[in-house]
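Remarks on the structure that follows.
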Amino acid sequence: MSNGSYVISVTGLRIRKPWHIFRFYWHAVRIKMACERAPGNVLTAVTKKDGFQHTLTVWESKKQLLAFVYSSPHQEAIDIFHEIATGSTCSFSSESVPSMEEAIEYWREHGKDYTRPVAN
């Protein structure tokens, strides 16, 4: 890491209908496995809280985070997201890796409705 900080990404998603659960988890498992192997990924964690499926990922750089966001299988899930789920996401820089509880609290305060990510 060039600047000594991490890029943190936090997502909270709700499955739209009970019958979407299998399609959701099919994508979620593939994404988690790919994320854990992605260059620059420091941590991949998932949990369910208050009806939301949460992900916390920690990256060495924003460039590496965005490379993963636009890679398969993540891009495939983005393409069908609005059919099967609702939710929000946020990212921020941090000098340390937050706990899942800290990340969810940040997400509650700063999460933006999920739309197709735009590269900067």
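Computed from point charges on the beta carbon alone (+1 for Lys and Arg, -1 for Asp and Glu), the dipole magnitude for region 6-113 about its Cα centre is near 380 Debye. Evaluating 6.51 cos²θ - 1.76 cosθ + 1.60 at θ = phi - 60° for every residue in region 98-106, the Karplus couplings come out as x, 6, 4, 4, 5, 5, 5, 4, 4 Hz, glycine and proline recorded as x. Taking a ≥ b ≥ c as the square roots of the eigenvalues of the Cα gyration tensor, region 6-113 is oblate, since a/c reaches 1.5 or more and a/b is not larger than b/c. Among the lysines of region 6-113, pairs at least eight places apart or on separate chains and with Cα atoms under 19 Å apart come to 9.
Between the residues Ile104, Phe24, Ser94, the greatest Cα displacement towards the positive end of the dipole of the chain, with unit charges on the Cβ of Lys, Arg, Asp and Glu, is found for Phe24. A Förster distance of 35 Å, applied to the separation of the beta-carbon atoms of Glu76 and Glu109, puts the FRET efficiency at 0.70.
Derived scalar couplings between HN and Hα for region 16-30 equal 5, 9, x, 6, 7, 4, 5, 5, 4, 5, 4, 5, 4, 5, 4 Hz in order, rounded to whole Hz, by the Karplus curve 6.51 cos²θ - 1.76 cosθ + 1.60 (θ = phi - 60°), x for Gly and Pro.
Laboratory data are not the source of any read-out in this text; all were calculated from the coordinates shown. Values in this document were obtained by computation on a predicted structure and should not be read as measured data. Note that we place each Cβ from the backbone using ideal geometry, even for glycine, and neighbour counts take in every protein chain shown.
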